[in-house]
Amino acid sequence: MARCLSFLAVLLIFPVTAFAQTLDKEKLRKAAYLPRMSIDLSLRAVGWDERGKKIDYAKAVEELTERLSGVPKDAETYLEIAMLQRASNQERAASDALMKAEQLLRAHVRIAPSTPNNSSATNPAVPNLKRP
């Protein structure tokens, strides 16, 4: 008990003082506008869907092929087909699907095919970038 009273007496004699910090308003404003950054990590099992079932690539390609009707919107379907064929290591078939998607989009947009060496000559929207 005597110890508690002596501790209380010390606290009363030497009051605890809190020193106020000076605020730098400019630093506070800068801190308030800092960009937010986040990192997302995910694991994805190749060959499995979100429900844990094994993907049947051939069946998925067949279902997508049945949806094709020859309109420019089919380019999106061809891109999905190419993605599935690449996942099943059918590179040639995936390349063919990508070429069909390109043909549909070119016909829709009416852009002349460009050569790999001189892309800006046939398409003014593509800048002519020369490498040093």
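The values are calculated or read from the model by the stated rules, or taken from the named source; none is laboratory data. The shown structure was predicted, so the numbers you read here are calculated from the model rather than taken from an experiment. No Cβ is skipped: glycine too gets one built from the backbone with ideal geometry, and neighbour counts run over all protein chains shown.
Within the stretch 50-85, which residues are of a type in the set (Gly, Ala, Ser), under 20 Å from VAL109 (Cβ atoms) and surrounded by fewer than 14 Cβ atoms within 10 Å (Cβ to Cβ)? Full working, then the answer.
Here is the first cut: in the stretch 50-85, the ones of a type in the set (Gly, Ala, Ser) are 52, 58, 60, 69-70, 75, 82.
Narrowing the set further to residues that are under 20 Å from VAL109 (Cβ atoms) leaves 69-70, 75, 82.
SER69, GLY70, listed by residue number.
When the stretch 71-98 is filtered for residues that are hydrophobic (A, V, I, L, M, F, W, C) and closer than 20 Å to ALA60 by Cβ, the ones remaining, listed by number, are ALA75, LEU79, ILE81, ALA82, MET83, LEU84, ALA87, ALA93, ALA94, ALA97, LEU98. Residue pairs, Cβ under 6 Å, 6 or more apart or interchain, first in the stretch 72-99 and touching a residue at least 12 places away in the same chain (Cβ under 8 Å) and in a helix (DSSP H, G or I), second among the basic types (Lys, Arg) and buried (at least 16 other Cβ atoms within 10 Å of the Cβ). List them. Within 6 Å, the pairs are TYR78/LYS100; ALA94/ARG86.
Whether a residue is surrounded by 12 or more Cβ atoms within 10 Å (Cβ to Cβ) and either modelled with pLDDT of 75 or more or among the small types (Gly, Ala, Ser) (or both) was assessed, and SER38 does not pass this test.
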